[in-house]
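Right, one structure below, let's go through it.
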Amino acid sequence: MMKTIFVWDIPVRLFHWSLATSIAMLFITAQIGGNAMEWHKKIGYFVIGLILFRVVWGFVGSYHARFKNFVRTPTTVIAYAKNLFKKDSAHYVGHNPMGGLSVVALIASVGFQTATGLFSNDDIMLEGPYVSMVSKAFSDQMTRLHQLNSNVILILVGLHLSAIVFYAMFKKEQLIEAMLTGKKEMDASIGGQFKAEVPEKARPAWLPWSVVVLVSGVVYALVTRIFF
């Protein structure tokens with residue numbers, strides 16, 4: 001029996017596609033170098049805002065957006081992974097246990113990338129807003145970590161894309177379509193455990209805008225060093 005379920009609210013979908021586009025642009029500008037690095041810096045500031053927004057929305061957002069509803073224990077993640085290739089494995093409306101883990105990993109790695117970027121330099125013309133507050137040795141170390149962590153992000157993105165293909169072909173779940181429309185077509189008969197969580201009513205329209213205003217103020221204060 002097929003059932004259409006609303007899963008992803010607009011803030012989550014906008015965050016997802018904005019982050020995907022930003023990560024692509026960050027890697028492109030880093031490869032181009034030169035004057036493109038000014039855009040790299042600006043996009044990085046935008047990504048700080050995205051990460052902060054998603055963290056806040058993970059506590060005050062709609063049902064499937066909240067961390068407590070998709071971040072699960074290691075035991076649950078391992079149990080899900082063991083049955084991943086079984087046709088009758090559990091199907092989740094929101095993030096499954098491994099998907100929830102990947103969300104946290106991406107938020108953490110991208111957040112770490114933006115944090116190290118604030119202290120990084122290229123020894124030519126570009127440096128983060130906090131380089132002058134730390135030693136050259138510390139800044140160089142942050143620059144190295146910034147470069148190394150970009151590979152971690154590439155790996156996580158690759159795993160994410162592989163998972164999309166896997167779920168589309170093996171489990172018949174169209175994750176891209178769900179992240180575009182906010183809705184999922186779920187077949188309750190294909191999974192041994194159909195995890196049909198019932199979401200609460202939508203969050204008030206003013207709430208995401210309030211979070212955007214709050215986060216924008218924090219990012220502005222952070223990159224302009226108002227308090228430093």
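Bear in mind that the values in this text are calculations on the coordinates, not laboratory data. All of these numbers come straight from a predicted model, not from anything done at the bench. Here Cβ is always computed from backbone atoms with ideal geometry, including for glycine, and neighbour counts include all displayed protein chains.
Observations on the structure shown:
- Matching label, semi-axes √(5λ) of the Cα gyration tensor in Å computed from the structure shown, candidates (1) 27, 20, 19; (2) 29, 17, 17; (3) 36, 20, 15: (3)
- The relative contact order of the stretch 2-224 comes to 32 percent, based on Cα pairs under 8 Å that sit 6 or more residues apart.
- When T76, T114 are sorted by how many other C-beta atoms sit within 10 angstrom of their C-beta, beginning with the fewest, the order is T76, T114.
- Annotation: the antiparallel percentage among DSSP beta bridges lying fully within the chain is about 75.
- Cα-based helix-to-principal-axis angle, 36-60 vs the chain, degrees rounded to 10: 40
- The three principal axes of the Cα atoms in the stretch 127-168 give end-to-end lengths of 49, 16, 10 Å, sorted in falling order.
- The charge dipole of the chain, taken about the Cα centre with unit charges on the Cβ atoms of Lys, Arg (+1) and Asp, Glu (-1), comes to about 620 debye, rounded to the nearest 20.
- Degrees between helix 206-224 axis and first principal axis of the chain (Cα, 0 to 90, nearest 10): 30
- Positive-end residue, the stretch 2-224 charge dipole about Cα centroid, Cβ charges, pick of A115, T143, A168: A168
- Label-point gap, in nm, between I155 and K68 - each point 7 angstrom along Cα→Cβ: 3.3
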